[in-house]
Amino acid sequence: MPASEREQAAAAERLFFALWPDDALRRRLAQCRERLANDGNGRPVPAENLHLTLAFLGRTDTRQRACVEAMADAIRCPAFELQLNRTGYWPRPRVLWIAPSEMPEALKGLAAALHGGAEGCGLSLDARPYRAHLTLMRKLARPPGDARCPPLRWSVDRFVLVRSTTLPQGVKYDVVREWGLGE
Ligand code: ATP
Ligand code: MG
């Protein structure tokens with residue numbers, strides 16, 4: 001590998017595009033999480049880490065990052081509302097999640113544009129169908145009971161690019177760029 005490529009590979013970061021709740025919504029999500037699983041079953045996602053992934057890029061070097069940022073600059077997407085009104089449990093990853101039962105066209109279009117754009121920058125993304133959700137808890141030993149949360153309304157007017165770093169005490173997310181939605 002030439003030295004310039006080695007440097008770029010060494011500078012690679014783990015990145016993903018996401019919708020990032022404001023503090024008020026984070027509090028309501030944390031309340032919902034406590035209502036659903038409060039018996040020591042599973043590991044809560046820290047309130048400051050709660051997010052909805054739009055596109056997971058994985059290891060991204062500096063050249064690819066510049067490419068995906070330029071791609072995101074060119075995206076035009078209206079603001080939209082999400083109703084987080086469905087919770088569920090996926091047994092294989094053992095996660096408890098909350099999601100909108102209806103996917104607004106704007107969200108579908110935004111996620112698809114980011115996926116397609118990132119692939120155009122040479123990244124290979126997860127080929128499974130996109131399922132919008134926020135993970136509330138991980139590593140549940142057993143499915144949660146039948147407690148429910150009131151629906152949470154989310155007015156989405158921006159999306160962000162996040163760097164994910166694995167630390168001994170857990171994962172740390174840093175928002176590195178943000179883009180507004182609207183006309
Ligand atoms: P950790 O992997 O350290 O336990 P994490 O899963 O929260 O923590 P990342 O692996 O960086 O951190 O993932 C960031 C976000 O992207 C999470 O919402 C995760 O569920 C999602 N994600 C991770 N890998 C993929 C993938 N291959 N396809 C789609 N989404 C993914
Ligand atoms: Mg992960």
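Remark on the chain: CYS77 stand apart, with no other cysteine beta carbon under 4.7 Å. Given +1 at the Cβ of Lys and Arg, -1 at the Cβ of Asp and Glu and no other charges, the dipole of segment 1-95 around its Cα centre is 440 debye to the nearest 20. Applying D = kT/(6 pi eta Rh) to segment 18-152, where Rh is the Kirkwood radius over alpha-carbon pairs, T corresponds to 4 °C and eta to 1.567 mPa s, the Stokes-Einstein value obtained is 80 µm²/s.
Please say if segment 131-183 is rounded, prolate or oblate, where rounded means a/c under 1.5 for a ≥ b ≥ c the square roots of the C-alpha gyration tensor eigenvalues, and otherwise the choice is prolate for a/b larger than b/c and oblate otherwise? Oblate shape, in that a/c is at least 1.5 and b/c is the bigger or equal ratio. Shown for the chain are the DSSP H helices of 15 Å or more along their axis, judged by Cα atoms, with a mean Kyte-Doolittle hydropathy of at least 0.0: 105-120. Computed from point charges on the beta carbon alone (+1 for Lys and Arg, -1 for Asp and Glu), the dipole magnitude for the chain about its Cα centre is near 820 Debye.
Residues in segment 68-91 near a label at SER4, defined as backbone nitrogen under 19 Å from the 7 Å Cα→Cβ point? Inside the label zone: 68.
Here, each number is a calculation from the coordinates, and none is a lab measurement. Model, not experiment: these values are computed from the prediction. Neighbour counts are summed over all protein chains in view; Cβ atoms, including those assigned to glycine, are modelled from backbone coordinates with ideal geometry.
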